Amino acid sequence: MGMGSSFLFLSLLFLFFFSSNSFNSSCPMDLSYVPTFPWDKSQCLEPDRDHCCLTLLSLLGIGLAQHLKDTSTFQLPSEAASSACLSEFQTELATLSIPPSVVTQCFESTQFVTNTSSCAGIVTIKDWIEKVGPMTPVDTSCKHDMAKLTLCGACVDAGKDVLAQLTQIDPNSTKCWYFTVLYALGVVNDFGPKSPGAAACILGLPLDISATKNNNQENKLSRESLLKLVFGFLGALIGVILAFALIVLYRKWERKNRGNARHREFVSNFRASMLPQAGAKWFHLQELERATNGFSQRNLIGQGASGVVYKGTLADGTLVAVKQILDLDSKGDDEFSNEVEIISKIRHRNLLSLRGCCLSSDVLKGRRRYLVYDFMSNGSLADHLFSTGGGRKRLTWPQRKNIILDVARGLAYLHYGLNPAIYHRDIKATNILLDSEMKAKVADFGLAVQNSEGQSHLTTRVAGTHGYLAPEYALYGQLTEKSDVYSFGIVILETMSGRKVLDTSNSLYVLITDWAWTLAKSGKVEGVFEESIKDEGPKGVMERFVLVGILCAHVMVALRPTIADALKMLEGDIDIPRLPDRPLPLSHESFRSSLWLSKSASTTSTSRTRSSLDAV
């Protein structure tokens with residue numbers, strides 16, 4: 001080959017590589033926003049290089065978020081594309097008198113290139129959905145105007161929850177937080193990546209206060225013109241609004257009078273018919289005020305979503321607990337009488353029965369409703385299991401055993417001793433009260449319902465406490481007698497271990513049933529026992545109680561025993577069947593993502609949560 005041919009070959013080869021690199025090196029992001037966006041440039045004009053790098057990373061995140069929105073891809077396709085974008089980024093910054101060398105000092109050419117090891121193998125939005133589910137906390141908390149501080153805080157907290165989920169999937173991931181931020185800004189937020197409020201909150205990009213003020217000045221002029229127009233119509237509107245307000249107030253006053261009249265009629269009929277059947281005493285409001293020292297804060301012993309509970313002393317010296325029901329708007333007279341009717345049917349040593357009630361309708365104080373119970377001097381089971389103070393002694397094994405049996409007998413009476421049966425729907429440690437002899441009584445029947453005769457289960461509005469709700473009831477509204485059995489199983493495991501139903505000591509939610517099942521499956525049932533009782537009782541009997549708890553709290557409703565069979569197992573009258581296998585633990589990421597989908601329903605289900613009658 002001659003020298004001329006060699007020169008021609010090398011020229012063509014150079015032209016090929018030059019053209020190929022030029023073709024692949026175009027930046028797929030639009031960075032024209034860099035000079036015009038109101039970001040704080042001062043940190044990159046001063047020697048503070050670390051803060052400048054963080055600011056530029058946030059500024060570049062706007063373009064990456066827009067690129068994610070347009071292409072569904074979290075990072076750039078190649079190193080050549082990344083280099084081109086960084087070069088273009090330098091050019092845009094140069095128009096602001098920021099040295100180009102800052103970019104090369106802050107970033108590497110491979111930093112923004114697609115890499116499956118960056119975050120749990122995620123490359124596209126489709127991968128994101130496969131890993132964390134179609135609806136995450138970010139999707140619900142980062143949609144709105146992030147300029148509002150409370151909304152911004154909620155969005156950041158939601159991002160931390162998603163980051164914890166991704167870290168569990170791949171603990172070695174290095175960019176999951178940045179992926180979460182890009183997703184929130186580019187895909188979720190309604191105002192888009194170039195919204196100053198969204199960029200400042202989600203990316204942490206510092207904004208230029210002076211630029212913001214200039215924009216405010218321009219907006220002020222337009223607002224002044226608008227105000228002139230508004231005031232022109234204001235005078236005419238005032239007359240219309242006043243007339244409308246008077247009509248509304250009159251109708252409200254009329255409706256209130258009619259409501260008070262109906263309430264007085266209800267009180268009269270209730271005292272004449274319902275109360276004698278209930279076998280409960282009618283208390284006058286003045287009696288309860290004297291008993292509780294005017295419902296003073298010193299007598300307050302418990303407070304929950306639906307009411308507050310006071311300790312009181314009647315004229316004859318009897319100690320009582322007086323529960324004042326607060327949710328008067330949502331809980332009408334008919335519901336109150338239904339609750340009294342249910343409680344009045346209960347006559348069992350392990351169920352807290354109603355001593356009396358009071359209804360009042362005062363012109364100044366409005367309607368008020370009260371339920372009166374015997375006072376339980378040893379508080380609730382939760383006080384003894386979970387109290388961090390030194391005022392309560394730890395329960396002994398015999399005490400725990402008797403409390404579990406007492407609760408089982410009380411539930412068995414509700415399910416089989418009454419016709420129709422009553423489902424409690426809120427069995428939990430705070431609703432199990434202890435008398436002076438440490439005998440347990442199931443309390444708080446505010447959520448209890450009667451089962452329709454001949455109906456095995458029914459669909460109803462979900463109510464209860466998260467963690468204690470049976471899965472089929474929490475997710476699908478299917479209520480059966482075994483819904484109470486599930487809650488009872490949780491109480492057994494809490495009582496035996498001293499642990500709460502949900503362990504939130506780290507970023508994961510660990511349900512007590514999953515923890516106990518893991519120990520039992522590995523042959524370490526004794527690991528469930530609280531340390532203080534490990535040597536207090538027969539190991540075989542204590543293990544039997546734990547196994548019954550696991551069986552009662554099984555995810556599958558068909559595999560739970562009835563409360564009657566559970567009681568026989570606890571007493572040793574029948575053998576415990578082999579523990580059936582469980583589905584995925586409820587702390588598994590697939591289940592936790594489904595919990596976020598039903599969070600609004602879960603909020604409704606816990607809106608009437610009680611604490612200790614709510615502490616009686």
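Each value in this text was obtained by applying a stated rule to the coordinates, not by laboratory testing. Predicted model only: the values in this text are computed from it and were never measured. Glycine also receives a Cβ, built like all others from the backbone with ideal geometry; neighbour counts cover every protein chain displayed.
Determine, for each peptide in 79-86, 407-414, 110-117, the mean count of other beta carbons within 10 angstrom over its residues, then list the peptides with the highest first.
Top of the packing list down: 407-414, 79-86, 110-117.
Please go through the residue pairs Lys441/Lys521; Lys428/Lys539; Lys311/Lys345; Lys439/Lys539; Lys126/Lys194 and name each one whose alpha carbons sit more than 29 Å apart in this structure.
Lys441/Lys521
Please compute the length gained on full extension between Ser109 and Ser436, using 0.36 nm multiplied by the number of residues separating them and subtracting their Cα-Cα distance.
110.4 nm
Pulled fully out, how much extra length does the chain show between Arg349 and Phe295, if you take 0.36 nm times their separation in residues and subtract their Cα-Cα distance?
Gain on stretching Arg349 to Phe295: 16.6 nm.
For the pairs Lys393/Lys500; Lys41/Lys69; Lys41/Lys160; Lys131/Lys175, flag any whose C-alpha to C-alpha distance is greater than 23 Å.
Numbers: Lys393/Lys500 17 Å; Lys41/Lys69 26 Å; Lys41/Lys160 28 Å; Lys131/Lys175 15 Å.
Pairs exceeding the cut-off: Lys41/Lys69; Lys41/Lys160.
Give me the number: length gained by fully extending Lys143 to Asp208, i.e. 0.36 nm times residue separation minus the C-alpha to C-alpha distance, one decimal in nm. Please list the in-between numbers first.
Details: separation 65, 0.36 × 65 = 23.40 nm, distance 2.37 nm.
That works out to 21.0 nm of additional length.
If I histogram all Cα-Cα distances within region 25-209 using bins 5 Å wide from 0, what percent of pairs lands in each bin?
1, 8, 17, 21, 21, 16, 11, 4, 1
Once you charge only the Cβ atoms, +1 for Lys and Arg and -1 for Asp and Glu, what is the size of the charge dipole of region 25-209 about its Cα centre, to the nearest 20 debye?
220
Give the long-range amide H neighbours of Leu207: residues separated by 5 or more places, or on another chain, with amide H under 5 Å away, using H modelled in the peptide plane at 1.01 Å from N.
For Leu207, whose amide H was placed from the backbone, the distant partners under 5 Å are Asp40.
Please state the charge dipole magnitude for region 92-156, taken about the Cα centre, from unit charges on C-beta atoms (+1 on K and R, -1 on D and E), reported in debye and rounded to the nearest 20.
Result for region 92-156 is approximately 160 debye, rounded to the nearest 20.
Treat each spin label as a single point 7 Å out from the Cα along the C-beta direction, and report the Ala558 to Asp170 distance in nm.
Spacing of the two 7 Å Cα→Cβ label points: 3.9 nm.
Where does each of 428-438, 568-578 land if you order them by average Cβ count within 10 Å, highest first?
428-438, 568-578
Using R₀ = 30 Å, calculate the FRET efficiency as 1/(1 + (r/R₀)^6) where r is the Cβ-Cβ separation of Met135 and Asp70; round to 0.05.
That gives a FRET efficiency of 0.85.
Using only the Cα atoms of region 99-166, what semi-axes does the equivalent ellipsoid have when each is the square root of 5 times a gyration tensor eigenvalue? Give whole Å, largest first.
27, 21, 9
For a protection proxy built on the mean count of beta-carbon atoms within 10 angstrom, sort 138-144, 246-252 highest first, please.
The densest-packed peptide leads the list: 138-144, 246-252.
Sort out for me the Cα centre separation of region 61-86 from region 497-569, rounded to whole Å.
Rounded to whole Å, the Cα centres lie 51 Å apart.
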